[in-house]
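One structure is given below, encoded as structure tokens.
Just so it is clear, none of the values below were taken in a lab; they were calculated from the coordinates. Remember, it's a predicted structure, so these values are computed and weren't measured experimentally. Note: ideal-geometry Cβ built from the backbone for every residue, glycine included; neighbour counts use all protein chains shown.
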Amino acid sequence: MNNDTLLRRTGYLTFLLSGVCAISSGIIVSFLQDLHGLSFGVTGSLLSMMNIGNMAAAFLAGILPGRIGLKKTVLLLGTGYGLGYLINGCASAVPLLMLAFLLIGLAKGCVLNADSVLVGTHTDDRKTSMQIMHSFYALGALMCPVLASVLLGLGKTAPMFGVAAVGLGMWMVYALAPLPGPVAAGEGKKRDLSFLRDPSFWILTMLIFCQNAAENSVTGWLVTYYKNQGILSGALSGYTMSIMWGATLIARLLIAFVLPIKNTFKALGVMGFFCTLLYAVMLTLHAPVSVTLALFLFSLSMAGVNPMAVASVGSSLNSESMGVMLPIGSIGGIIMPAIIGAVADSAGLHAGMLCNLVPCAGIMLLSLLMLRKK
């Protein structure tokens, strides 16, 4: 096995394990809420701390590899999964739980940056490889509910320790992989920041901003919206995330192995159109079966946007460019759910949910702008 193949497979495997650890946070936080009687405000603050860690890690993962090497960077920040979930299993004090979710966020952001570089720069077919990598993440996300259910049968804190073990396993994969170390003095090339002057880079960054905004708004608010409207029962709403990640996995595998996409930005424009259309349709439906079908189709349309946009960065794909693109893109996933909540307080939840049509349409418009440029 050559070095490129080994590093690419390292990216696939660690992204799978990161999918388990990252998506488990939403399940673990509900367990912590029940276990320690946390308020909704504290629970939301824990998730906010994870987002802060995620953004901070994306910046650090863009800076540190040039100074201490990629291996030391991922081994340092990647400890966050194992250590964070270990703290969750042992501690009950809110400050310690806050620290735990900050560490989890640091690991999540670090792995996304590192694996995007590992897979994107060690392949002859970047678009396919990025879809495969994100498919592994979706597979990890699908495993979360099953893993949490099995572990919960062993004890109330068993899920925390179980996910911590998965995080340790991910750290061990990085430790054993031949990742690049620091460049010796006088041997490295000058850091190339020319991507900062490239308008296409900023258009793609805003495209990812819109994708994160649209996707996080759906994952964060849609179940609450349908419960508020009396459409989804508690039992059915529990399967919402499985429906979304199942559709995401199917779509990414189809793009990687079946669908012959010749024009990336035309395909992204079509995806953006259907995201906008299907989201608008979801807000008009009232029957559980049709709601579930629309959500499945929306997730199919959204699934390929992020990996295709990142793959389109081209020769500028490196730790520095990902350290700019991914943090800015993640801001969309923080701002848009907050906007929905603010509008919902003043004009109702339906009006708040309509706001998410803006980033959905943004995916389509920015893709068409890139199509025109290219």
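Structure notes:
- Only Lys, Arg, Asp and Glu carry charge here, each on its Cβ (+1 for the first two, -1 for the last two); on that basis the chain has a dipole of about 640 debye about its Cα centre.
- Stretch gain in nm, segment Ser346-Ser242, where the contour uses 0.36 nm per residue and the Cα spacing is subtracted: 34.3 nm
- Taking label positions 7 Å along the Cα-Cβ direction at both Ile250 and Thr5, the computed distance is 3.2 nm, reported to one decimal.
- Dipole of the chain [Lys/Arg +1, Asp/Glu -1 at C-beta], most positive-end residue of Ala177, Ala56, Leu97: Ala177
- Relative contact order of the range 194-373, taken over Cα pairs closer than 8 Å and 6 or more residues apart, is 45 percent.
- Within a straight-line Cα-Cα reach of under 20 Å, Lys266 can be paired with the following aspartates and glutamates, leaving aside sequence neighbours fewer than 8 residues apart in one chain: Asp125.
- Packing-based ranking, highest mean first, of 276-286, 324-334 given that Cβ atoms within 10 Å are counted: 324-334, 276-286
- Subtracting the Cα-Cα distance of Lys373 and Val358 from their residue separation scaled by 0.36 nm leaves 3.2 nm.
- Efficiency of FRET from Cβ geometry, Ser48 and Asp124, R₀ 45 Å, rounded to 0.05: 0.65
- Cα gyration tensor shape of the range 194-373, rounded if a/c is under 1.5, else prolate or oblate by comparing a/b with b/c: prolate
- Across the range 144-158, rounded Karplus estimates of 3J(HN,Hα) from the backbone phi angles (6.51 cos²θ - 1.76 cosθ + 1.60, θ = phi - 60°) give 4, x, 5, 4, 5, 5, 5, 5, 5, x, 8, x, 5, 9, 4 Hz, Gly and Pro being marked x.
- Mean residue ellipticity at 222 nm, helices only, the chain: -27000 deg cm²/dmol; runs of at least 4 DSSP H residues each add -39,500 (n - 2.57), and the sum is divided by the number of residues.
- Dimensionless Rg ratio for the range 90-210, taking C-alpha atoms and the 2.2 N^0.38 Å reference: 1.39
- Sorted peptide list for 149-159, 109-119, criterion being average Cβ within 10 angstrom, highest first: 109-119, 149-159
- What the Cα atoms of the chain give is an Rg and a Dmax of 20.0, 66 Å.
- The slack in the chain from Ser315 to Phe161, taken as 0.36 nm per residue of separation less the alpha-carbon distance, amounts to 51.4 nm.
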